[in-house]
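The values are calculated or read from the model by the stated rules, or taken from the named source; none is laboratory data. Treat the numbers as computed from the prediction; the structure is a model and nothing was measured. Here the Cβ is made from the backbone with ideal geometry for all residues, glycine too, and neighbour counts use every protein chain on show. The area values use the complete protein model at the heavy-atom level, side chains included, leaving out ligands, DNA and RNA. Shrake-Rupley method; radii C 1.70, N 1.55, O 1.52, S 1.80 Å.
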Amino acid sequence: MNQTTIKKSPFQRAKMTLSVLAFILIVGCSQVEVNPESRQRSGDENPIEVVTTTGMISDVVQEVGGEEVHVTGLMRPGVDPHLYKASQGDMAKLDQAELVFYNGLHLEGKMTEIFEKLERSRPTVAVSKNLDPSKLRSGADTGGTEYDPHIWFNVRNWISAAETVRDTLIEYDPDHADIYRQNAEAYISQLDELDKEVRTKIASIPEEGRVLVTAHDAFGYYGDAYDIKVMGLQGISTAAEYGSKDVAKLRDYLVENQIKAVFVESSIPTKSMEAVIAGAEEMGHQVIIGGELYSDSMGEPGSDADTYIKMVRHNTDTIVQALK
C-alpha cells in the first residue's frame, strides 16, 4: 500500500515535537515507580485497555487475551513502523492504557523514548524481551540498529512473543490466569503447525531458485529459519536510504544468477523494485514481480493477511508460487 507523504510546515513540526516532549515530561515527572501489586486487577471485570503498536502485536494480544482485553492498535495496515511518528491522538491512547505492548529492538524507532518513560507508570512490555540475544540477527551491517527487529518472520520467535504476552496478562490480571493460559496454549499450537507448514512449502522450491529478493531487508529471520536466501534493496530499516549503487548491485545479482522474480512489500512504495527490474531488462534479463508480501504490516481487515497466521501463510504461498 503506497503512502502519500504530506510535508508539514516548520510550525507544525515544532508543535508536534512539543506535544511529544510534553507527554514525556508529564509521564516522567508526575509518575513514580508502581508497586507490582498495584498492577493486579482483582475484582475488576471490565476488559483491560491494551494499546499496541503493530498489527501483528495487536493480533497476538487479542488471541491470548480474548474477551478479557480491549486492544487498540496505533499503526494501521500499510503503515511503516520504522518511520512512524506518534500523533497527539496516540499520546492520549497511551496515557489511557492499562497495558502497552510494543515490538522493541528499535522497530518503532522514534517512539522508543516514550515507551521507556511509560514503564514508570504502567506495564509497558516489548514482546521481544525474552528472546535469546544469541539467536537475534545483527542489524549493524545493513543500516539498522544492534539487532534486526523483524522477529515475527521466524514463527518460533512469535511463539516466544505469545508467551511474553501470556505471562504479562497473568501478572497483571491473575483472576483470569487460566483463561490466558488456555488461550495461549491453543494459539501456540496453531503457531507450531504454521512453522511446520512454512518449512515444508519452502523446501518444495528447487534449491538453486530459492532466493527471496525484496524491497528492504525484513525477511532475514524467515530466510534463516526456513532455508531460503534473502536479499533486500534497502537495509533493515526503511529509514536507511538506498542509492544507484544498491540498485546496480542487486540488478547484477539478478542477471548473473538468472533470478526470475522479485517481490514488493505492502508498506513500501514499489518504485524501488521497479528500478531494479528496469535495470535487469536493459541487460537482457526478464524479471517479474512475483507478488506483494506483507512485511512490517498486516493486511486490511477482510483480506487474506489480516491476522499474523494468515499473513505468514500468504507470504509463503506467494513466494512458492513465484519461485517454484
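List of remarks:
- Put simply, the stretch 95-182 fits an ellipsoid with semi-axes of 25, 18, 8 Å; these come from the alpha carbon gyration tensor as the roots of five times its eigenvalues, largest first.
- Estimated inter-spin distance, A248 and D175, nm [label 7 Å along Cα→Cβ]: 6.6 nm
- Prolate/oblate/rounded call for the stretch 167-240, Cα gyration tensor, a/c under 1.5 rounded: oblate
- Here the accessible area is traced with a 1.4 Å probe on the protein chains. For the stretch 241-315, carbon and sulfur cover 51 percent of it.
- Model label sites at Q182 and M283, defined 7 Å from Cα along the beta-carbon direction, differ in position by 5.9 nm.
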